[in-house]
Every structure is written in C-alpha cells, then in structure tokens.
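Working notes, beginning with the structure itself.
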Amino acid sequence: MSTPITAALVKELRDRTGAGMSDCKKALEATGGNVDAAAEKLRVDGMAKADKKGSRTAAEGVISIAVGADAIALVETNSETDFVSKGDDFKALGDAAAKAALVARPATLAELLALKNEAGQTIEEMRRSLVATIGENITVRRFEVVAKAAGAINYYMHGTKIGVVVALSAGDEELARDIAMHVAASQPRYLDTTQIPAEAIEAEKRVIEATMAQEQAEAQADSDRFGGFLKEMEAEKTNGTYEALDAEGKKNWDDEYAGVKKKFGGGYRPKPADILAKMTEGKIRKFVNDITLMGQPFVKNPDETVEKLLKSKNAGVASFVRLAVGEGIEKKTLDFAAEVAAASQV
C-alpha cells in the first residue's frame with residue numbers, strides 16, 4: 001500500500017538527503033511514499049548530496065541543560081534569529097524547560113510544555129509571552145532526559161549549540177565526559193553494531209554495489225576511449241607525423257604514449273567477483289565503524305577506537321544522547337537584494 005506524497009513527506013526527505021524538491025518527489029512517487037527506500041534511491045541515482053546533510057544546522061537557538069544526581073536533561077529551544085537566541089529571556093525559557101524536564105521526566109513534548117516553572121507559569125505560557133514580547137517565532141522543539149546507569153553520568157556542552165549526555169554502565173565521571181566530548185565531535189548514530197537495523201546495512205550494501213558497478217562502467221568507457229587514442233598515436237608512427245616532430249616534441253609524445261600505454265594498453269579488465277565482494281565487505285565495515293560509537297577512532301587518540309579505550313578501563317556505555325541546534329531543519333536563505341527589488345515593484 002502506497003503512502004500519499006504530501007509536501008511534508010517531500011520536505012522530510014529533502015531535510016534528510018539534501019536533494020532537490022523535485023528529485024525527492026519523484027523518488028517518493030517511485031517508491032510508493034517509502035522515505036527510507038526513496039532516500040536509498042536518491043543515493044543510488046547520485047542525486048542526494050550526502051547522509052551527513054540530514055543533520056544540517058539550519059535554525060537558531062540554544063541547547064539548555066539541567067543536571068541532577070541521577071539524571072541529566074537536555075532541551076532544544078529555537079528562534080528565528082541568532083540575536084534573539086542570545087537574549088537572557090530566551091535562555092531563561094530553555095533553562096526552565098530543562099529543569100522541569102529533569103524533575104518531572106515527561107514522556108512527550110506536550111507534557112513538558114504543560115509543566116510549570118518555579119514562578120507557577122507553564123513552559124508554554126513562557127513561550128507565548130516571549131513570542132508576544134519579541135515578535136519572533138520561538139519553539140521548544142525537543143528534549144531528552146538521560147538516567148544514570150551503573151556507572152558515572154556526565155555531559156559536554158559545546159557552547160550553547162551542541163549538548164551531549166553519556167551514561168556509563170561502568171566507569172568514572174572523567175571518562176564519561178571524554179566520551180561525551182567524542183560524541184559531540186564525531187556524531188555517532190548508534191552505540192554499536194547490534195543497534196544498527198539490518199535494513200540499513202542492506203540499503204548501504206545496495207548503494208555500494210551500485211556505485212562500484214558505475215565505477216566499473218566508467219573504467220570500461222575510459223579504456224575504450226583511450227584504447228582508440230593509442231591506435232591513433234600508433235598510426236602517427238607510420239604516417240610520418242611522429243617523424244615530423246622536433247626532439248622536444250618526440251620526447252613529449254613518447255612520455256604521453258608511455259603513460260597511456262601503461263594505464264590502458266592492456267584493455268579493460270573487470271575486477272573479479274571475489275575481489276568485488278571483498279571490497280564491498282570492507283566498505284560495509286567502514287560504514288559500520290563510521291556510524292557506531294564503539295567503532296569510531298577516539299577523538300583524543302585516533303590510534304585506538306572508543307571500544308578499545310573502554311575495554312582498557314574496564315568500562316562501558318549504557319546510553320548517550322546528542323542534541324545539536326537545528327538538526328534537520330532547513331533554514332531559508334534570504335536574498336536581501338531580491339527582496340528590495342521585489343518591494344520596489346509593489
């Protein structure tokens with residue numbers, strides 16, 4: 001059963017892939033409205049810019065934090081302009097929301113907005129009051145509350161734009177902060193390979209295989225083209241063109257011929273199936289390591305992975321959360337000159 005192709009669905013795919021709106025709409029139509037399948041199709045077709053584009057920072061705002069003995073809360077609050085996000089009243093809204101989330105542990109954003117601050121005002125009332133005062137759209141977008149596990153819990157804030165909380169199953173606060181700093185920098189999507197959905201691996205494998213098939217086709221095309229070029233050059237040896245060159249011209253001709261001959265003289269030789277299979281396995285391994293916390297090189301010592309670091313300290317990670325301002329929100333780029341020109345025609 002296909003899903004209706006709505007504007008919201010097209011925008012979701014665009015935010016995730018960075019592809020054009022029309023390309024996203026076509027991909028959704030081709031996949032019956034399946035966003036995951038459409039994202040894969042865009043990658044295979046070469047129209048998506050990159051997965052990392054699904055995390056574009058596109059809205060202004062701050063990440064607020066509230067720290068307790070047994071949990072830490074993070075809240076993202078957004079504004080239209082960076083100027084507003086630096087204001088004390090705006091920061092107070094985020095701080096109040098984070099404190100309320102830490103104390104009440106709400107299950108939904110609606111529940112969080114209904115909670116009251118220390119003055120008895122709900123978070124939603126605070127937000128509406130700020131909108132009325134400033135005249136700019138302001139939202140409390142999302143929140144996370146991370147509970148302490150068997151080990152230490154700690155956080156890392158990169159200014160006010162990125163917040164990370166790490167709860168260890170074993171290990172001390174210093175290690176938890178180091179891991180939080182790593183998560184802020186390296187943006188892992190999963191803790192380890194067990195958390196990666198099987199369909200994500202299969203989708204990546206299909207993309208890799210399609211990419212390698214395209215590379216093989218391009219290599220054959222290059223071989224055919226330069227093979228013809230070699231024949232033309234060899235003809236120049238017999239038709240007098242080569243002999244008509246001066247000494248420097250002959251040297252350049254010889255060098256060019258040798259280079260082309262070395263690279264393309266043997267004709268196109270496709271990679272054997274077993275070699276392609278090993279290349280695919282290697283690329284899948286790299287993909288898995290890139291998106292898992294355990295597989296990533298530790299940011300403070302790239303010679304060892306996070307997994308090896310944890311093992312060396314008899315430690316482990318129970319959970320982690322990373323919030324960055326504006327992830328997945330597309331920000332309009334205003335053309336001031338165009339606006340002025342348009343206004344002048346009214």
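The values are calculated or read from the model by the stated rules, or taken from the named source; none is laboratory data. Quick caveat: nothing in here was measured; it's all calculated off a predicted structure. Cβ atoms come from the backbone with ideal geometry, glycine included; neighbour counts cover every protein chain shown. Keep in mind that these areas ignore ligands, DNA and RNA; they rest on the heavy atoms of the full protein, side chains included. Shrake-Rupley method; radii C 1.70, N 1.55, O 1.52, S 1.80 Å.
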Residue set A244, A277; condition open to solvent by 50 Å² or more (accessible area, probe 1.4 Å) and free of Cβ contacts under 8 Å to residues at least 40 places away in the same chain; output residue A244
In the stretch 284-307, what residues are open to solvent by 90 Å² or more (accessible area, probe 1.4 Å) and part of a helix (DSSP H, G or I)?
R285, K286
What do you reckon, is K278 assigned to a helix (DSSP H, G or I), within 35 Å of the chain's Cα centre (by Cα), at pLDDT 95 or above and not aromatic (F, W, Y)?
no
When the stretch 80-89 is checked residue by residue, the ones that are outside any loop (DSSP other than H, G, I, E, B) and open to solvent by 10 Å² or more (accessible area, probe 1.4 Å) are D82, F83, V84, D88, D89
Here's a check for you: in the stretch 205-239, which residue that is at pLDDT 90 or above and touching an Asp or Glu at 6+ places or on another chain (Cβ under 8 Å) is surrounded by the most Cβ atoms within 10 Å (Cβ to Cβ)?
V207
Is it true that A66 is at pLDDT 90 or above and open to solvent by less than 20 Å² (accessible area, probe 1.4 Å)?
yes
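To keep it simple, each residue is scored yes or no on (1) in contact with a Lys or Arg (Cβ under 9 Å, 6 or more places away or on another chain); (2) at pLDDT 95 or above; (3) farther than 30 Å from A8 by Cβ.
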residue: T241; (1), (2), (3): no, no, yes
residue: E248; (1), (2), (3): no, no, yes
residue: A258; (1), (2), (3): no, no, yes
residue: K263; (1), (2), (3): no, no, yes
residue: T292; (1), (2), (3): yes, yes, yes
residue: K308; (1), (2), (3): no, yes, yes
residue: E327; (1), (2), (3): yes, no, no
residue: F336; (1), (2), (3): no, no, no
Could you check the stretch 242-270 and list, in sequence order, the residues that are touching a helix residue (DSSP H, G or I) at 6+ places or on another chain (Cβ under 7 Å) and not in a helix (DSSP H, G or I)?
Y242, L245, G265, G267, Y268, P270
Contact list please: Cβ distance under 7 Å, first residue in the stretch 83-97 and touching a residue at least 12 places away in the same chain (Cβ under 8 Å), second residue in a loop (DSSP other than H, G, I, E, B), pairs at least six apart or on different chains.
V84/E136; A96/N117
